[in-house]
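Input: a single structure, listed below in structure tokens.
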Amino acid sequence: MATKAQSAEGPETTESGGEGVRRRDFLNVAAVSFAGVGTVAALAPLVVQMSPSADVLAMATTEVDISKVQPGQGIKTQWRKQPVFVRNLTPKEIAEADAVSISSLRDPQTLAERTKPGHKNWLITLGVCTHLGCVPLGIGEGENRGPYGGYFCPCHGSMYDTAARIRQGPAPKNLMVPDYKFLSPTTVQIG
Amino acid sequence: MVRVIAFLVGLVFAGVLLISLITGVATYISSPPAPLAAEEFHLKPKHLDLASDGLFGNFKNQAQLQRGFQVYSEVCSACHSLKLVSFRDLKGLGYKDAEIKKIASDWKTQVPSINPETGEASTRKALPSDTFPSPFPNEVAARAANNNALPPDLSLITKAREGGGAYVYSLLTGFQNQPAELLKKFPDAKTPQGLHYNPYFANLNIAMPPPLTTTGQVTYADGTPATVDQMARDVAAFLVWTANPELERRHAAGFSVSIFLLVASILGYLAYQQIWYEAKRAVRVTGPLEPENQAKTRRAKAKQGVAG
Amino acid sequence: MSFKWAKPYEPKHPMMKWLDERLPLPRIVYHATGPGYPVPRNLNYWWNFGAVAGIFLTIQIVTGIVLAMHYYSSADGAFNSVNQLIMRDVNAGWLLRYAHMNGASFFFIAVYIHIFRGLYYGSYKAPRELVWMLGLVIYLLMMATAFMGYVLPWGQMSYWGAQVITGFFSAFPLVGEPIRVWLLGGYAPDQAALTRFFSLHYLLPFVIAAVVILHIWALHIPGSGNPTGVDVKDERDTLPFHPFYTAKDGWFVGAFLLVYAIVTFFAPNYLGHPDNYIPANPLATPAEIVPEWYFWPFYAILRSFTFDFLLPAKLWGVLAMFSSILLLFFLPWLDKSPVRSGNYRPLFQRFFWLLVIDVLLLGWAGGGAPTPFRNAIGQICAAYYFLHFLVILPLVSRFETTLPLPSSISESVLHGEAAEAAPMGQTKKRGGSVAVPAE
């Protein structure tokens, strides 16, 4: 806010006037900067209020009871308002997954990397296709599981194998494995 | 024309008001309003000192707040819901996650839910993410169980009553027998059957029976003697917390913002004074702001070696 | 726009030149609030409140938009969305809610002072009649917005306030009740009323902003008034708005915000009513239904009419309440004194202060339970209010002896800083050709 040109006084020519100008400028700059900082700080609550609120964050962990899921079956449940596939793999499905050469995969991962030690038969993934977000088929009884015996996304034809890894189709990544842990042999906590 | 109409309208309004005033005064003189028992015998809340009072209020006395929560859990929650408070909010009272999980799952009322197999209505244990379940499923049930009175939800009670925490404290310790002079003066104002006399309640007669009656009704975990007075204070403090969980953050932000604004205003004021100083001085000293006069003055001053 | 010695807009930066050639927005800002708007040099602090009001309009819009991201406009969910979700769970939700709640009050404080400045200094007089009337339109819109906003949390006062205010319309014969039912979308405030109030509450502040632009535009044609009421004659009478009045407005807004912050952070519920923390119950009326403080004077006028004289008392009350604001539109024609400023109108001054006391008393009368004493005071003050504008002012403006005016603004400034800085009414009366204020 330089006041030299804008005050109604006329041109500044004297030296001593010059020093007064510097002091004046400093005070003006200080006042305006202070106000500016304040305005920016006032923006903080406006931005932060859009972040997930405490109740949404509290729903960030879900406990799932897996006691009723037989080998070869799967259930669809929810976590953070998204579908989660919990599948109990049969030994045949585990063998099929292990038989695939890792280097041939678009998103190389072994079945062991995608499950917990000691619970290799439990495949827990998000039910969200990594292409554009549809819910793939295959978790329910009788649903199309695609040629690789895992999941099949009807939207654009992404095909996942028994370890829910992408084998064919436009999806770039395997179905995401969320953070989870076994609270007991029959209860899993996701998130 | 406008003024003529205005004049008349003004006189009409003033006239009608005058009539209202006169009739009002006449009614007051001829049949003065009967004094009400409530007006005369109602008491303002007693004084209560809480850690949360004042500019520097805080919730550091977690021991008291936890005692208050204990009173709520063991006494009040039988009838009063706390619907806006989640179990996870208890973190603010100093409880750990594991303790909160236990408090939630042990809570005597369960959360309404659906049987995942049959779809029938059922209940489940509460989780930390749930709000405190209501003791009654709906208002009808609540009234049915309480002589047609509805026990209010307590989450905001200290903001919903004049006097706040002090009111709650006074109410809980204010149950007494109806004073003889009230009965003498207002024989019709005898406390009806099923109600209880409490001068801190606006209508003097409250449907709630005294909830805190004996010392030791609750056994405090920290060993504080649980007198009625103590329990009332503690639950009042707890209810101030449930209504204002953000109080400490609010005060802290308040101090920062106020000091910031104070400094900003002072800086602004100094800048304003400086900007105006020249304009004011020019008018005062040299008369009208003609540039020649100003230049003349400046030259004269420069010649004398005086600072401009 | 206003004066020919206004500094012309001459952009130096090539980007500003480019913009100015295509859309003269920077030019408009320069001439509206920048160095290109000459303002009388003698404005006192009563002139700051327009800017303060503008800041609070901004605060309300910003906090309101952000609150609307979390508010639930259902009769079942509204109370909880405000008092549980926003106050407890939304990050900084408590701050936004309290800021918005108290922002409304401080917006009204600024606007009331701004209005009374206008009443004292004759800002409503020619050629600024339209500025005054646009201001009244803004005030009416503010009242509508505030009323609807207060309904949204769906507390006891929200519900019963809506009940009472929409009940006004049923006072009108024949058309009243149909209008009331149409407004509510039902027979009592319910879901239909709530969602439409939410929609309109979101809309009206932008309408207010548009009218504010017109209000400022209309002002900038003749230019700002000043405490002497004497027109600007030449360059010596004015200073450019920037930096002189930006600096003055700037620090003063800071100080006003400080008061606002202290209330918002340390006593956020002081100006409110506890009953609004009770969820709405259509079956139980609160002990006393009162609106927010900024409506108390009008509530007092409404309640003052207790006698059925020709018309039912309720209808008198409603008519008087609406008239009390509508009559202000006619003020430029009721008070036709050629002398604008109360500083030079000693008789007018006395009545002005009586009006101030009257309005404060009306506020007191409207804010509490209608006891006989309060009613009586309310009736006397309401009568005075109408007599003041409709009978007294026209007579005073016709018959008063005014003090001699200074010949120009700079004359009045020249002959003492006291004239420039004097709080309203301290200019002493002296004879002579120039009003010389005591030092």
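The values are calculated or read from the model by the stated rules, or taken from the named source; none is laboratory data. What you see is a predicted model, and the numbers here were worked out from it, not measured in a lab. As a convention, Cβ positions derive from the backbone with ideal geometry for all residues, glycine included, and neighbour counts pool all protein chains shown.
Take the stretch A:159-184 and flag every residue that is surrounded by fewer than 17 Cβ atoms within 10 Å (Cβ to Cβ) and without any contact (Cβ under 8 Å) to a residue 60 or more places away in the chain. A:GLN168, A:PRO170, A:MET176, A:ASP179, A:SER184, listed by residue number.
When we screen B:LEU48, B:LEU82, B:LEU55, B:LEU8 for residues that are loosely packed, with under 13 Cβ neighbours inside 10 Å, touching a helix residue (DSSP H, G or I) at 6+ places or on another chain (Cβ under 9 Å) and assigned to a loop (DSSP other than H, G, I, E, B), the only hit is B:LEU55. Inclusion of B:ALA142 among residues that are within 14 Å of another protein chain (Cβ to nearest Cβ), buried (at least 18 other Cβ atoms within 10 Å of the Cβ) and free of Cβ contacts under 8 Å to residues at least 40 places away in the same chain is not warranted.
Within the stretch C:149-158, can one find any residue that is free of Cβ contacts under 8 Å to residues at least 40 places away in the same chain and either of a type outside the set (Gly, Ala, Ser) or in a helix (DSSP H, G or I) (or both)?
no
When the residues of the stretch B:212-242 are filtered to those that are under 30 Å from C:LEU85 (Cα atoms) and among the small types (Gly, Ala, Ser), the one that is surrounded by the fewest Cβ atoms within 10 Å (Cβ to Cβ) is B:ALA232. Only residues that are closer than 26 Å to B:GLY268 by Cα and among the aliphatic types (A, V, I, L, M): list them for the stretch C:230-247, please. Result: C:LEU239, C:ALA247. A:GLY133 falls short on exactly one of the conditions (1) assigned to a loop (DSSP other than H, G, I, E, B); (2) in contact (Cβ under 8 Å) with a residue 12 or more places away in the chain; (3) not hydrophobic (A, V, I, L, M, F, W, C), and that condition is (2).
Here C:LEU214 does not fit the description of being under 30 Å from C:LEU95 (Cα atoms) and either at pLDDT below 95 or more than 9 Å from chain B (Cβ to nearest Cβ) (or both). Being more than 7 Å from chain B (Cβ to nearest Cβ) and outside any helix (DSSP H, G or I) is the filter here, so list the residues in the stretch C:242-281 that pass it. Those that are more than 7 Å from chain B (Cβ to nearest Cβ) and outside any helix (DSSP H, G or I): C:ALA267, C:PRO268, C:TYR270, C:LEU271, C:GLY272, C:HIS273, C:PRO279, C:ALA280, C:ASN281. Here A:ALA8 clears all of (1) more than 8 Å from every other protein chain (Cβ to nearest Cβ); (2) at pLDDT below 90; (3) crowded, with 17+ Cβ neighbours inside 10 Å except the condition numbered (1). Within the stretch B:129-168, being over 30 Å from C:ALA267 (Cβ atoms) and touching a Leu at 6+ places or on another chain (Cβ under 8 Å) holds for B:GLU139, B:ALA142, B:ARG143. So which residues in the stretch C:336-391 are in a helix (DSSP H, G or I), of a type outside the set (A, V, I, L, M) and more than 14 Å from chain B (Cβ to nearest Cβ)? Of everything in the stretch C:336-391, those that are in a helix (DSSP H, G or I), of a type outside the set (A, V, I, L, M) and more than 14 Å from chain B (Cβ to nearest Cβ) turn out to be C:GLY342, C:ASN343, C:TYR344, C:PRO346, C:PHE348, C:GLN349, C:ARG350, C:PHE352, C:TRP353, C:GLY363, C:TRP364, C:GLY366.
Put simply, of B:ASP53, B:ASP97, B:ASP106 the only residue that is over 30 Å from C:ILE325 (Cβ atoms) and within 14 Å of chain C (Cβ to nearest Cβ) is B:ASP53. Restricted to the stretch B:120-134, and to residues there that are away from chain A (no Cβ under 14 Å) and over 23 Å from the mean Cα position of the chain (by Cα), the residue that is surrounded by the fewest Cβ atoms within 10 Å (Cβ to Cβ) is B:GLU120. Restricting the stretch B:24-43 to residues that are in contact (Cβ under 8 Å) with a residue 40 or more places away in the chain and part of a helix (DSSP H, G or I), the residue that is surrounded by the most Cβ atoms within 10 Å (Cβ to Cβ) is B:ALA37. Tally the residues that are farther than 26 Å from B:ASP222 by Cα and hydroxyl-bearing (Ser, Thr, Tyr), restricting the search to the stretch B:94-130. Selection size over the stretch B:94-130: 5.
Taking the listed residues B:ASP222, B:ASP229, the one that is touching a helix residue (DSSP H, G or I) at 6+ places or on another chain (Cβ under 8 Å), at pLDDT 95 or above and either under 30 Å from C:PRO240 (Cα atoms) or of a type outside the set (A, V, I, L, M) (or both) is B:ASP229, with no other qualifying. Does B:VAL71 count as closer than 30 Å to B:THR242 by Cβ and not small (Gly, Ala, Ser)? Yes: the conditions hold for B:VAL71.
Every residue, every condition in (1) β-branched (Val, Ile, Thr); (2) farther than 25 Å from C:ILE262 by Cα, yes or no:
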{"residue": "C:ARG41", "(1), (2)": "no, yes"}
{"residue": "C:VAL52", "(1), (2)": "yes, no"}
{"residue": "C:GLN84", "(1), (2)": "no, no"}
{"residue": "C:LEU95", "(1), (2)": "no, no"}
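Selection of the stretch C:79-125 for residues being within 14 Å of another protein chain (Cβ to nearest Cβ) and not in a helix (DSSP H, G or I) yields C:VAL90, C:ASN91, C:ALA92, C:TYR124. When the stretch A:25-54 is filtered for residues that are more than 17 Å from C:TRP94 (Cα to Cα), surrounded by 13 or more Cβ atoms within 10 Å (Cβ to Cβ) and among the polar types (S, T, N, Q), only A:ASN28 remains. Meeting the requirement of 1 or more residues that are in contact with a helix residue (DSSP H, G or I) (Cβ under 7 Å, 6 or more places away or on another chain) and either modelled with pLDDT of 90 or more or on the phi < 0 side of the Ramachandran plot (or both), the helices (runs of 4 or more DSSP H) wholly within the stretch B:115-199 are B:164-173, B:180-185.
Scanning the stretch C:282-322 for residues that are within 9 Å of another protein chain (Cβ to nearest Cβ) and within 17 Å of the chain's Cα centre (by Cα) turns up nothing.
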